[in-house]
Structures are given as C-alpha cells and as structure tokens.
Amino acid sequence: MNTPYDSLYYKTRYVDPFHVRSRVANIYYLWLAFFCIIIPGKLKKGSKVLDVGCGVGNLVWALRFFGIDAYGIDPSTSAKRYCRISQYCQYKNVKKLPYKSSSFDLVCTNEVLEHIDEKYLNESIMKMNRLSNNMIHIIGVKERGKMIINDPTHLTIKKENWWGKKFKRLGFDVKTGNLFYFFPHKTPISGFKRGYFYISNNK
C-alpha cells in the first residue's frame, strides 16, 4: 500500500512535470533562494543554512549555487531516491535533528510545517530554534484555497494570522510577508505572497 510520501509522490511532483524536466523549475528555486532566503536572512557566501524537510534537495541546490553552505534533512527515504544533491542531504528521523546547538546561521522550511500535526508543532519549531536563532518558514496557509485545504498530506491547515500568533506566543519576533515571494501554482489572488515568516529569537 502506498504511503503519503512514497516514490510516486516525489516522482509525480518533482520528477515528471514538464516544468521540472525542462529546467524551468530551477529558475523558481534560484529566485526563492536568493530573494526569500539569502537577502532577508542577510546571508553571505559561506553562511551555514539547514533546510528541514528538504525533499529532493531543490532549495539546498539553489542555495549552494549562490555559495551558501547549505544542508538538508528529510525523513523520507523515497525523496532520497530522487535527490539532486545527495551529498549535502540526510534522510533520517528529523525529530532528533542531529546537529550541535547554534550550528547554523539560519534554519528554513519550505512548505513543511503544514505537514506536521498541530500537537507537535511547538516542539518541532523549538527544536529548529535550538540550531539557530534565525528561521524562515514558508507555509501553505489556508488563504491559498483548495490546493492547501484538499491536500491529504496537510495536517495543520490554518490562516496566516494564526501562524503569526503561534510564533509570537513561542517568544519570537515575527516578520510576515516578502515582496518577492510567490509560489508557482494556480491559486486565488488572495493567496499570493501568503505564508512567509521570518522569525528570530535573540534571547
């Protein structure tokens, strides 16, 4: 029986689509890395970044293209099969995050937190915070409509405002939105640029 994140899941989303095979998708990930991670994170060449839930490694690849010392971790061994930069990505239980405290300049997630059950969110966020006081989370929020609501792998479907309040309750400074952020899917206008959070904890 297929699991939500089996080989077919990654093949149909990250291998077979025309925009992937034609390399057009590379432009999106390079844009995302530069304008939505590097610039707001004030990263320089050699800055160390961890992409939690890296999938097939697209964002790790893009960050490294710009000279960032980027790494990824993901629990899916199915994703490992299609990873484009496997020497920089680990595929193991992400609950432990086997890295030393404060070992990264920034931790990021891209369309990941909505896949985590709400009861585990606080724990997951704080485990990432252990690795860096600076985090960027790009989240599939409810405002995006059916593409988020109807996806069976999405376990926490909440509005952008809900996520912002959650980060604040956990003690983070929160910056919501990024002028350059977009996601390449058909969606209602109200959903564009929604779900981008830069959070920091200077304690």
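The values are calculated or read from the model by the stated rules, or taken from the named source; none is laboratory data. No experiment lies behind these values; they were computed from the predicted model shown. For neighbour counting, all protein chains shown are included, and Cβ atoms are generated from backbone atoms with ideal geometry for every residue, glycine included. In case anyone asks, the SASA skips ligands and DNA or RNA and just uses the protein heavy atoms, side chains included. Shrake-Rupley method; radii C 1.70, N 1.55, O 1.52, S 1.80 Å.
From the residues in region 131-157 that are basic (Lys, Arg) and either more than 17 Å from the chain's Cα centre (by Cα) or open to solvent by less than 60 Å² (accessible area, probe 1.4 Å) (or both), which one is farthest from residue 50 (Cα to Cα)?
First pass over region 131-157, keeping only residues basic (Lys, Arg): 142, 144, 146.
Now drop any that are not either more than 17 Å from the chain's Cα centre (by Cα) or open to solvent by less than 60 Å² (accessible area, probe 1.4 Å) (or both), which leaves 144, 146.
On the way: 144: 26, 146: 30 Å.
In this case the residue turns out to be 146.
Quick one: in region 31-53, which of the residues that are open to solvent by 30 Å² or more (accessible area, probe 1.4 Å) and under 27 Å from residue 93 (Cα atoms) is nearest to the chain's Cα centre (by Cα)?
Top of the filtered list is 48.
What do you reckon, is residue 133 at pLDDT below 95 and closer than 28 Å to residue 98 by Cβ?
Details: at pLDDT below 95: no; closer than 28 Å to residue 98 by Cβ: yes.
No, not satisfied.
Taking residue 175 as meeting all but one of (1) of a type outside the set (A, V, I, L, M); (2) farther than 24 Å from residue 94 by Cβ; (3) part of a helix (DSSP H, G or I); (4) modelled with pLDDT of 95 or more, write down the number of the exception.
(3)
Are there any strands (runs of 3 or more DSSP E) wholly within region 15-115 with 3 or more residues that are free of Cβ contacts under 8 Å to residues at least 40 places away in the same chain, and if so which? If you could, list the steps in order and put the result at the bottom.
On the way: elements: 48-52, 69-74, 89-91, 106-110.
Counting at least 3 such residues, we get 69-74, 89-91.
Being touching a Phe, Trp or Tyr at 6+ places or on another chain (Cβ under 7 Å) and either surrounded by fewer than 17 Cβ atoms within 10 Å (Cβ to Cβ) or within 21 Å of residue 37 (Cα to Cα) (or both) narrows it down to one residue among 180, 172; which is it?
Only one candidate qualifies: 180.
How many residues does region 137-160 hold that are of a type in the set (S, T, N, Q) and either part of a helix (DSSP H, G or I) or in contact with a helix residue (DSSP H, G or I) (Cβ under 9 Å, 6 or more places away or on another chain) (or both)?
Matching residues across region 137-160 total 2.
Which of (1) among the hydroxyl-bearing types (Ser, Thr, Tyr); (2) surrounded by 15 or more Cβ atoms within 10 Å (Cβ to Cβ); (3) outside any strand (DSSP E or B) is the odd one out, the single condition residue 120 does not satisfy?
Condition not satisfied by residue 120: (2).
Each row is one residue, and each column tells you yes or no for (1) of a type in the set (Phe, Trp, Tyr); (2) surrounded by fewer than 18 Cβ atoms within 10 Å (Cβ to Cβ); (3) modelled with pLDDT under 95.
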site	(1), (2), (3)
56	no, no, no
63	no, no, no
72	no, no, no
81	no, yes, yes
100	no, yes, no
105	no, no, no
